[in-house]
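Working notes for the structure below.
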Amino acid sequence: MRIVLCGFRGTGKTEVGRLLSHLLDLPFTDTDLQIEQTSGMTIHEMMRTHGEAYFREHERKVIASLRPEESVISTGGGAVMDPDNVARLRRGSVMILLEADEKAIRERIERSTRPPLTTLPLREEIRMLLSAREPFYVSASDICINTHGKNSNEVALSIAHFLSTGDSAPATREQVVQFLEMSGMDAGELEEARDLLTGDAYTPISRFYAVIGYPAMQSKSPPLFNALFSHYGIPAFYTRLQHPDCGAVIHLARNLHVKGLSVTIPHKSAIMASLDRIDHHAAKIGAVNTVVFCGDRAYGFNTDWIGIRDPVHDLRGARAVVIGAGGAAAAAVYALMNLQMEVTVLNRTKERAEDLARRLGSHHAPLSAFGTLAPDLVVNATSLGMDPDRRTPVPKELLSKEMTVFDLVYTPPDTPLIRDARAAGCRTIPGTEMFIRQACAQFRHFTGIVVPVEFARGLL
Ligand code: NAP
């Protein structure tokens, strides 16, 4: 296993990496030093004479040439901004983020010869870059170490301790196994989870991820994410935590030090109260479907809207109808308005349609108004048509071949609405498209890696 240190410059990666390599008796590579050796130039000279893009190109080459053998690797502060670098660094590695406060970073940089990256005064440059890079650091790392108040030796010792004992207590892992046993999980999946949590397959560096919901047993996320972790050589396991009480399941997840959560019905809004930071898309939609942990902090995102926006990006400015007014409908309205569409919400319960339309600035109308609207795009965001329901939200005689029909229901992919729309000559988009695209965006939050949609589709 390779131990990769990442984080902002001035957090002590080189010094800690060197000490850790002595402690563990492993070879040490500092990618910045390697760049200087292979190019025959200091990074300062390279940046001054050729610019940052040239330096990043060298950095990519050095990262691509790193060997897979056990070693300690220290990376430059901007290395994990590039998803290809992250995919290469993550293969067969544990990724450790070193964090430090602004003052400690500034003092270290002032003592070094590293060039500035912007024309801003150092204090502002640090603040600006830290905030821009934070989501990249959080995604690219498996564990986060706060170096505040510790010298490099203490940081190296705490990493060595983590590598030998892990960060979750055996009693917590046993408790999670009992929780899974009671949730009615498939026997094969349960056996695999038990082995990874408390059996022979457990390793201190194993990272856990889960979908939380009630129900969560129908989710297609575990096989997809486990296949992706295996493909990218990441030592992680994704399971299901099914419970009606969002607070109880978050408590369990924090004790287990899970790295990431997918959130499904009915927890997408309730979970927001347990998070430390929520990105502005999720805050506007009013729902979080992705949580990433870094140290004690929990970050919330919404990727549902990306899964709805991307398949219809060619319909920018069109007239759209969204049927439903729940969480998926909110993501749909937000996504379509992001594409400058004129959106009307239709819903069985009038007050919910009014609320959603007021909150996001769309129109609303009763369900019966569908026939008068002649939309270019119809999005079904109700649960009608979801197995075993055989109903459709739109009478088939109201569908016409000029329409694009996007059914967010994905079990089954071929819903009654999709079949009617196909028969009417409409362009159809099944809910699996949303699922795949929101999952790829979620995987990026979880790991920092960009998965090609086609590749993920092949795994489903
Ligand atoms: P939700 O918050 O429970 O909302 C359900 C909506 O369906 C409500 O607007 C509800 O209307 C409406 N509805 C339910 N039964 C109805 C009926 N018999 N007639 C008319 N309207 C009815 O659920 P959600 O989280 O928004 O999810 C909605 C659908 O999106 C689900 O089928 C889910 O599987 C799908 N989804 C797909 C993906 C994906 O990746 N493809 C992701 C998320 C969700 P009222 O307001 O009147 O109750």
Check your understanding: Considering only protein heavy atoms, what is the solvent-accessible area of Cys440 at a probe of 1.4 Å, reported in Å² to the nearest 10?
Key -> 10
Study note, to complete from the structure: Long-range alpha-carbon pairs in region 15-85, meaning those over 21 Å apart, account in percent for 28
Check your understanding: Among Thr75, Tyr202, Pro170, whose Cα lies farthest out toward the positive end of the dipole of the chain, if unit charges sit on the beta carbon of Lys, Arg (+1) and Asp, Glu (-1)?
Key -> Thr75
Review point. Region 2-165: percent of C-alpha pairs farther apart than 23 Å?
Key: 35
Check your understanding: How big is region 130-257 by Rg and Dmax over its Cα atoms, in Å?
Key -> 16.1, 48
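Sum -39500 (n - 2.57) across every DSSP H segment of at least 4 residues in the chain, then divide by the residue count to get the 222 nm mean residue ellipticity, nearest 500.
Rounded to the nearest 500, it is -13500 deg cm²/dmol.
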Point to revise | Integer Hz, Karplus 6.51/-1.76/1.60 couplings in order for region 282-296, x for Gly and Pro | key: 4, 5, 5, 5, x, 8, 10, 10, 9, 10, 10, 9, 9, x, 8
Exercise for review: Can you tell me the relative contact order of the chain? Whole percent, Cα pairs under 8 Å, sequence separation 6 or more.
Suggested key: 12
Review point. If contacts are Cα pairs under 8 angstrom and at least 6 residues apart, what is the relative contact order of region 306-429 in percent?
Key: 22
Revision key, fill the gap. Relative to the chain, whose Cα atoms define the longest principal axis, helix 122-140 and its Cα axis are tilted in degrees, nearest 10, by 60
Revision key, fill the gap. Toy charge model, Lys and Arg Cβ at +1, Asp and Glu Cβ at -1: region 306-429 dipole around Cα centroid in debye, rounded to 20, equals 100
Check your understanding: Averaged per residue, what accessible surface does the chain expose to a 1.4 Å probe, in Å²?
Key -> 43
Check your understanding: Roughly what angle does helix 13-24 make with the longest principal axis of the chain, taking Cα atoms, 0 to 90 degrees, to the nearest 10?
Key -> 70
Practice item. State log₁₀ I(q)/I(0) for region 306-429 at q = 0.20 Å⁻¹ as given by the Debye formula over alpha-carbon point scatterers of equal weight, solvent excluded. Key: -1.11
Exercise for review: Please identify every one of the trypsin sites (Lys or Arg not before Pro) in region 389-456 that sits in a loop by DSSP and has no more than 11 other beta carbons within 10 Å of its own beta carbon.
Suggested key: Arg390, Lys401
Study note, to complete from the structure: Taking the alpha-carbon centre of each part, the distance from region 53-131 to region 194-248 in Å is 29
**Study point:** Nearest-20 debye value, the chain charge dipole, Cβ charges on Lys, Arg, Asp, Glu
**Key:** 820
Study note, to complete from the structure: Note on region 208-310: contact order normalised by length, alpha-carbon pairs under 8 Å, 6 or more apart, percent, works out to 26
Practice item. Using only Cα atoms, tell me the angle between helix 350-360 and the longest principal axis of the chain; keep it within 0 to 90° and round to the nearest 10. Key: 40
Check your understanding: Could you give the dipole magnitude of region 283-378 about its Cα centre, charging the beta-carbon of Lys and Arg +1 and that of Asp and Glu -1, in debye to the nearest 20?
Key -> 160
Check your understanding: Ignoring any ligand, DNA or RNA, what whole percent of the accessible area of the chain comes from carbon and sulfur when the probe is 1.4 angstrom?
Key -> 53
Exercise for review: Scan region 42-121 for GluC sites (Glu not before Pro) in coil per DSSP, keeping those whose Cβ has at most 11 other Cβ atoms within 10 Å, and list them by number.
Suggested key: Glu69
Study note, to complete from the structure: For the chain the translational diffusion coefficient, Stokes-Einstein from a Kirkwood Rh over Cα pairs at 20 °C and viscosity 1.002 mPa s, in µm²/s, is roughly 90
Check your understanding: Which residue, chosen from Leu241, Ala282, Val333, occupies the Cα position most advanced towards the positive end of the dipole of region 211-352, where the dipole is computed from +1 (Lys, Arg) and -1 (Asp, Glu) charges on Cβ about the Cα centre?
Key -> Val333
Check your understanding: Going toward the positive end of the dipole of region 91-134, with +1 on Lys and Arg Cβ and -1 on Asp and Glu Cβ, which of Ile105, Leu122, Ser93 do you reach last?
Key -> Ser93
Study note, to complete from the structure: Applied in sequence order to region 27-36, the curve 6.51 cos²θ - 1.76 cosθ + 1.60 (Karplus, θ = phi - 60°) yields integer Hz couplings, x standing for Gly and Pro, of x, 10, 10, 10, 5, 5, 5, 4, 4, 5
Review point. Rounded to the nearest 0.05, what FRET efficiency do Ala53 and Glu189 have when you use their Cβ-Cβ distance and R0 = 35 Å?
Key: 0.15
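The values are calculated or read from the model by the stated rules, or taken from the named source; none is laboratory data. These numbers come from a predicted model, not from an experiment. Using ideal geometry, Cβ is built from the backbone for each residue, glycine included, and neighbour counts are taken over all protein chains shown. Quick note on the areas: whole protein, heavy atoms, side chains included, nothing else; ligands and nucleic acids left out. Shrake-Rupley method; radii C 1.70, N 1.55, O 1.52, S 1.80 Å.
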